[in-house]
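Data block below; observations after.
Readers should treat all values here as calculations from the given coordinates under stated rules, not as data from a laboratory. In this text the structure is predicted, and so the values were computed from the model without any measurement. Positions of Cβ are backbone-derived with ideal geometry, glycine not excepted, and every protein chain shown enters the neighbour counts.
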């Protein structure tokens with residue numbers, strides 16, 4: 001039987017989060033079948049005529065980097081939402097000068113050596129610009145410094161980097177930003193529920209052992225930021241576990257046979273499993289959330305950009321936000 005954790009109204013409205021416990025696989029596999037599987041196709045643009053001019057009333061966003069799968073997904077979602085996609089994007093030096101077509105729009109790629117002058121020119125043309133960043137972990141801090149120096153509000157969906165330095169950079173610049181390693185709105189709601197449980201019932205799982213496995217496309221180099229957040233909650237619940245114990249599954253053969261990832265989503269998925277066992281082995285709990293494709297993150301990033309534009313327009317006192325703040329707003333598409 002499922003059990004329901006009631007979430008305080010001040011965080012998630014009248015939401016209730018249901019966690020369903022399923023039968024443990026007979027073999028020591030990392031994952032059973034999906035308890036929560038999210039798969040969606042990206043919408044295609046329906047009308048681009050209104051997006052052709054810099055002075056269009058549509059919110060202009062610059063997506064870095066457009067040649068990555070997440071960048072492509074965000075551009076597609078932005079077009080579908082009626083945003084103006086700035087035809088420029090930052091990429092690695094070897095891709096500088098290339099023009100790529102995404103969602104019927106041609107995007108010019110600029111390398112690291114052209115970033116400062118390019119961004120300054122774009123800001124002059126689009127004064128209400130918002131940047132959406134889905135680049136690579138080692139570019140997080142350098143990119144944030146550039147956005148802050150240029151006074152450009154941004155949505156940072158890229159994981160990794162020095163997060164403390166990232167927040168300090170934005171705070172010192174007094175700049176508006178949404179920073180979140182997880183842009184999937186429904187996954188964020190689950191994380192919020194876990195955080196509430198850890199605060200309301202500290203030590204509830206003391207003595208339990210925890211196994212954590214996560215599977216992502218082979219190009220993802222770092223440990224899942226979502227897994228780290230959930231583990232932090234379990235630690236508050238009394239579980240002794242270190243991030244280094246997370247099993248990272250990046251081999252496609254294992255992902256299909258052991259994890260159950262559909263072959264068509266090997267290049268874009270996020271499967272997570274957390275298995276808790278009581279000290280005497282008689283009680284176990286499983287929490288699992290599986291995502292196929294990237295549309296859930298792209299849609300969340302667009303909602304974050306629209307949310308940020310609203311905060312800028314209202315001259316909100318608070319400057320740095322996360323996806324929980326976006327969820328609290330309650331007016332997502």
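Couple of notes before you dig in:
- Cα gyration tensor category, rounded, prolate or oblate, for the stretch 153-305 with a/c compared to 1.5: oblate
- Percent antiparallel among DSSP beta bridges (both partners in the stretch 114-270, rounded to 5): 10
- Cα gyration tensor shape for the stretch 169-236, rounded if a/c is under 1.5, else prolate or oblate: oblate
- Inter-label distance for residue 316 and residue 250, nm, one decimal - labels placed 7 Å from Cα along Cα-to-Cβ: 3.5
- Per-residue Cβ neighbour rank within 10 angstrom, fewest leading, 121, 232: 121, 232
- Residue list for the stretch 86-116, given a label point 7 angstrom along the Cα-to-Cβ vector of residue 145 and an amide N cut-off under 12 Å: none
- Taken over the Cα atoms of the stretch 86-177, the convex hull encloses 96 Å³ per residue.
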